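Please read the structure below before turning to the comments.
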Amino acid sequence: MLDAIQFSTWAEFFDMGGYGFNVWSVYALFAIFVAINLIFPWRKKQKIIRQLKRRMTLDAEIQSEDDSSGD
């Protein structure tokens, strides 16, 4: 069983017995899928954090203006 899995050259390994294109394209699609599922939520989180910081800054400015005009 293990003899059938082993390849004698790297070219045979990448060819995968004639199924290399199918095998490696699936690996590529999987890598893209995983990357998208890691990158997009991270970018969304960064965007939300920026929006919250901006909102907190604006709220603090408005609060300080209200405090100074209330005198």
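Of note:
- Total residues in the stretch 51-71 satisfying the condition of being of a type in the set (D, E, K, R) and surrounded by 10 or more Cβ atoms within 10 Å (Cβ to Cβ): the figure is 6.
- Ala35 falls short on exactly one of the conditions (1) aliphatic (A, V, I, L, M); (2) within 27 Å of the chain's Cα centre (by Cα); (3) loosely packed, with under 10 Cβ neighbours inside 10 Å, and that condition is (3).
Only the coordinates and a few stated rules stand behind these numbers; no lab work does. Model, not experiment: these values are computed from the prediction. Because the Cβ atoms are built from the backbone with ideal geometry, glycine has one as well, and the counts that use them run over all protein chains shown.
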